[in-house]
Amino acid sequence: PHAKIHQNPAAAMKIAFSAISLIFSTAVTASPFVPKLSSRALPSLSSSAFLSPLTSISFPLQSPSSSPSLSSSTTTHLNMSPLPECPTIPLRDGTPHHAIGFGTYKVGYIPPSSSAAASATASNAPLRTATECIADALKVGYRFFECAEFYNNEAEVGKAIKESGIARENLFLCSKVWTTTIEKGEEAIRARLDHTLADLGTDYLDLYLIHWPVPTHHISAYKTLEKLKSEGKIRNIGVSNYVIEDYKELLDSGITVKPAVNQIEINPFLYRKNTIEYFQKENVVLQSYRSLRDGKAMDHPILKTIAESHGKTPAQILGRWCVQHGFVYIPKSVKLERMKENAEVFDFELTAKEMQELDNLTTPEALETFKALYHKCVNRDTAKDGTMEGVKMDITID
């Protein structure tokens with residue numbers, strides 16, 4: 001048989017092509033993170049090389065104008081590994097930031113001052129541990145994990161990562177320093193970062209954020225993050241829950257490293273267009289928390305209609321809306337099947353009309369609710385908790 005193949009190059013080529021096609025089809029269907037071939041236009045995606053550089057296949061994808069914030073590369077690479085690669089969005093220094101991540105808030109632990117703490121205490125339903133949930137997320141293919149001091153589960157996240165055997169360079173780890181530590185100052189922030197690094201089992205973070213702009217303290221806290229970045233303990237720094245006025249205050253203070261990221265709530269029901277446009281012009285990547293609105297909008301008629309037209313779930317429509325706008329999408333679930341479902345957002349595209357319908361779901365009441373929450377939370381858990389001392393009252397809410 002080998003002699004016949006050598007004598008007939010065309011036959012050899014046919015056999016090789018068939019083998020490659022079989023491998024290719026298996027890789028495409030193996031994971032929700034690998035875009036499936038479709039007649040619809042798919043987003044322009046950049047593959048991060050965070051998996052072992054084994055044999056790979058690349059194929060061109062069309063790039064819709066609806067996702068300009070994603071990398072302009074028109075090639076996605078399929079790594080022939082059981083674990084998938086993920087689209088990325090470049091930070092201001094060029095660092096590739098995964099376009100989808102796994103949120104760890106209320107995973108295995110509910111913080112005492114969270115709104116859900118009272119109801120959780122009353123419930124006898126057992127929680128899955130964070131280690132179990134993160135282990136599942138790693139198996140699905142998530143590689144960006146959004147953590148925080150406030151979540152109180154970083155040690156369990158680190159345990160799952162260690163047990164997975166996945167190399168550190170294949171992960172993107174983000175954490176946030178909480179208000180109480182911000183209030184205490186530089187030494188407390190340094191100690192907290194060391195604690196986080198030990199819990200996660202790493203000697204550096206890819207991204208470290210100021211969790212809330214604590215009045216009179218957030219600027220000095222950010223400058224501490226600048227020092228920690230220069231010392232190599234943090235690759236990138238950023239902020240969370242900052243309104244435009246907080247960001248401008250930070251810039252006016254003489255910082256030397258502009259925030260790479262602002263993590264804020266973004267979904268069609270809280271789509272603050274002016275704020276988002278401002279930060280995008282500032283080259284600040286927006287991470288979206290509550291991307292799925294905690295599951296509280298899945299029965300909305302517009303969402304359901306769009307989902308049915310694409311053969312998708314409402315959660316997948318919310319996720320696709322997020323990535324199509326160029327935001328970092330951070331879904332969260334403690335259920336394996338939902339983890340998979342939430343990640344399946346790269347094999348279809350919403351139309352311009354559908355995007356506009358979703359963009360218009362934010363109400364004036366939602367913006368006022370956001371304003372009240374901001375005023376409540378910037379002093380949360382600090383010595384000024386429950387007061388408006390130092391809180392900016394006149395802020396951009398849309």
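The values are calculated or read from the model by the stated rules, or taken from the named source; none is laboratory data. Because the structure is a prediction, the values reported are computed rather than measured. Every residue, glycine among them, receives a Cβ derived from its backbone with ideal geometry; neighbour counts consider all protein chains shown. When the accessible area is computed, the model is the full protein with side chains, heavy atoms only, and any ligands, DNA or RNA have been set aside. Shrake-Rupley method; radii C 1.70, N 1.55, O 1.52, S 1.80 Å.
If you take the beta carbon distance between GLU249 and ASP359 as r and set R0 to 22 Å, what does 1/(1 + (r/R0)^6) give as a FRET efficiency, to the nearest 0.05?
That gives a FRET efficiency of 0.15.
About its Cα centre, how strong a charge dipole does segment 229-268 have in debye, to the nearest 20, once Lys and Arg get +1 and Asp and Glu get -1 at the Cβ?
300
Only sites in a loop by DSSP and with at most 10 other Cβ atoms within 10 Å count here; which GluC sites (Glu not before Pro) in segment 239-327 make the cut?
When the GluC sites (Glu not before Pro) of segment 239-327 are filtered for loop state and at most 10 Cβ neighbours within 10 Å, nothing remains.
Where does the charge balance sit around LEU367 when Lys and Arg score +1, Asp and Glu -1, over other residues with C-beta under 13 Å from its C-beta?
Neighbourhood net charge equals -1.
Using label points projected 7 Å from each Cα along Cα→Cβ, tell me how many nm separate ASP299 and ASP93, to one decimal.
With each label point 7 Å from Cα toward Cβ, the separation is 4.8 nm.
For segment 271-398, what number results from the quotient of the Cα radius of gyration and 2.2 N^0.38 Å?
That ratio works out to 1.20.
Suppose R0 equals 56 Å. What FRET efficiency, 1/(1 + (r/R0)^6) with r the Cβ-Cβ distance, do ARG190 and ASP394 give to the nearest 0.05?
0.95
Can you give the net charge of the other residues whose Cβ lies under 12 Å from the Cβ of SER288, counting K and R as +1 and D and E as -1?
Charge balance in the 12 Å sphere: +2.
Taking a 1.4 Å probe, which of PHE327, PHE269 shows the most accessible area, and what order do the others take after it?
Correct descending sequence by accessible area is PHE269, PHE327.
Return the distance in nm (one decimal) between the two label points of a simple spin-label model at GLU132 and THR387, each offset 7 Å from Cα along Cα→Cβ.
4.4
Subtracting the Cα-Cα distance from 0.36 nm times the residue separation, let me have the gained length for ALA372 to LYS335 in nm, one decimal.
Taking ALA372 through LYS335 to full extension adds about 10.2 nm, to one decimal.
So what are the radius of gyration and Dmax for the Cα set of segment 149-267, in Å?
Radius of gyration, then largest Cα-Cα span, for segment 149-267: 14.2, 45 Å.
How far is it, in nm, from the label point at ALA167 to the one at ASN274 when both lie 7 Å from their Cα along the line to the Cβ?
It is 4.9 nm.
Hey, with R₀ at 30 Å, roughly what FRET efficiency would ASP203 and THR256 work out to, going by the Cβ-Cβ distance, to 0.05?
0.80
Out of residues 5 or more away from PHE144 or on other chains, whose amide H comes under 5 Å of its own, with H placed 1.01 Å from N in the peptide plane?
PHE102, PHE172
Ranking request for peptides 342-348, 88-94, 223-229: highest mean number of other beta-carbon atoms within 10 Å first, then the rest in descending order.
Final packing ranking: 342-348, 223-229, 88-94.
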